[in-house]
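Taken together, the values in this text are just the output of simple stated rules run on the coordinates, not laboratory data. All values reported here derive from a predicted model rather than from experimental measurement. We place every Cβ from the backbone using ideal geometry, glycine too, and count neighbours over all the protein chains shown.
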Amino acid sequence: MDDGVTDNLTVPTAHEPHQPVVAESSDGICRITLSNPPANALSIAVMEALQAALDAAAGDPEVRVIVLAAGPGKVFSAGHDLKEMNAHRSDPDAGRAFFERTFAMCARLMQSVVNHPKPVIAAIDGIATAAGCQLVASCDLAIATDRSRFGVNGIDVGLFCSTPAVALSRKVHRKHAMEMLLTGEMVDAASAREYGLVNRVVPEQYLNQIVDKYAQTIAAKSPFAIQLGKHTFQAQSEMGVAAAYDHASKAMVDNMLAADAEEGIAAFFGKRRPEWKKS
């Protein structure tokens, strides 16, 4: 087993910063940064702050792309705050209500990423384990440094990562997913790319440059087409082939009738830059 697996599941004793999540927007790109060092654990406070940042970005017409990153350190996110959760074992119900609240909040958060009207790009430089790996798998795109590692290693402390498996099994081959879930072993960035968990692996010093290039490229496209396309992609992926084609064909008709498609095609023939409507 990987030497660092057990350590990655140990939640630090350091108190949470005043702002566990920081959101900054510029030129159509909203950068949301996890700032709960050293492990960026997904405590209740962090999940609430991250949910609020995602909701705010969804309602902001100036935001076209979201970049989800972590502050400086060796960990993107170590997943749920086990210290916080374990402290509730002394509750009258042995922690059941708090555990239910935690996992319900996490499920909503992950679905907010998947169903977000704006594309979400994960920028990973470090370790992403358990619900942290789940967060990466939930994003539309993921760019990782070559020193990054990924794992769903709850099994090492007697917890099968059932909820992370929902996101993981929808991004990587089932046999790879089960290997990670059953063994708890970490996979390196190259393997994560081979499995389909991340799109690209880049040297540490180029991470922000590459992520910004992706974000800027997407931000320059039609907001309407991007939002419609992401929604259609997610919906059709859960359907049979015939239903998927029916759903996607209707989406294509709606897209062709949209003002942005009319503008985009006119700009193409006119050999000029299109002027998109704001979402």
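Shown for the chain: lysine pairs separated by 8 or more places, or found on different chains, whose C-alpha atoms are under 20 Å apart, numbering 17. Calculate how steeply helix 223-236 sits against the longest principal axis of the alpha-carbon atoms of the chain, using the helix alpha-carbon long axis, and give the answer as 0 to 90 degrees to the nearest 10. Roughly 60 degrees between the two axes.
With helices as the sole contributors, the chain gives -14500 deg cm²/dmol at 222 nm; each DSSP H run of n ≥ 4 counts as -39500 (n - 2.57), and the sum is divided by every residue.
Rounded, prolate or oblate for the chain? Axes are the square roots of the Cα gyration tensor eigenvalues, ordered a ≥ b ≥ c, and the cut-off for rounded is a/c under 1.5. In terms of gyration-tensor shape, prolate.
Computed from the C-beta positions of Asp27 and Lys271, the FRET efficiency with R₀ = 30 Å rounds to 0.75. Per-residue Karplus couplings for segment 23-32, computed as 6.51 cos²θ - 1.76 cosθ + 1.60 with θ equal to phi - 60°, are listed in order as 10, 9, 10, 7, 6, x, 10, 9, 9, 9 Hz, Gly and Pro entered as x. Working from Cα positions, state the angle (0 to 90°, nearest 10) between the long axis of helix 207-219 and the longest principal axis of the chain. Compared with the principal axis, the helix lies near 40 degrees. Extending 7 Å from Cα along the Cβ direction at Gln111 and again at His247 yields two label points whose distance is 1.5 nm. Take the alpha carbon gyration tensor of segment 112-166, find the square roots of its eigenvalues, order them as a ≥ b ≥ c, and report rounded if a/c is under 1.5; if not, report prolate when a/b exceeds b/c, else oblate. Oblate, because a/c is 1.5 or more while a/b does not exceed b/c.
Which angle from 0 to 90°, rounded to the nearest 10, does the C-alpha axis of helix 241-257 make with the longest principal axis of the chain? Compared with the principal axis, the helix lies near 50 degrees. Among 169-175, 212-218, 126-132, sorting by the average number of other beta carbon atoms lying within 10 angstrom of each residue, highest first, gives 126-132, 212-218, 169-175. Distances between every pair of Cα atoms in segment 94-212, grouped in 5 Å steps from 0 to the bin holding the largest one, split as 2, 12, 22, 23, 19, 13, 6, 2, 1, 0 percent. Packing order of peptides 83-89, 31-37, highest average first: 31-37, 83-89 (average count of other Cβ atoms within 10 Å over each peptide's residues). Is the shape of segment 154-279 best called rounded, prolate or oblate, per the rule: a/c under 1.5 gives rounded, else a/b larger than b/c gives prolate, else oblate, with a ≥ b ≥ c the square roots of the Cα gyration tensor eigenvalues? Taking the square roots of the gyration eigenvalues as a ≥ b ≥ c, segment 154-279 is oblate.
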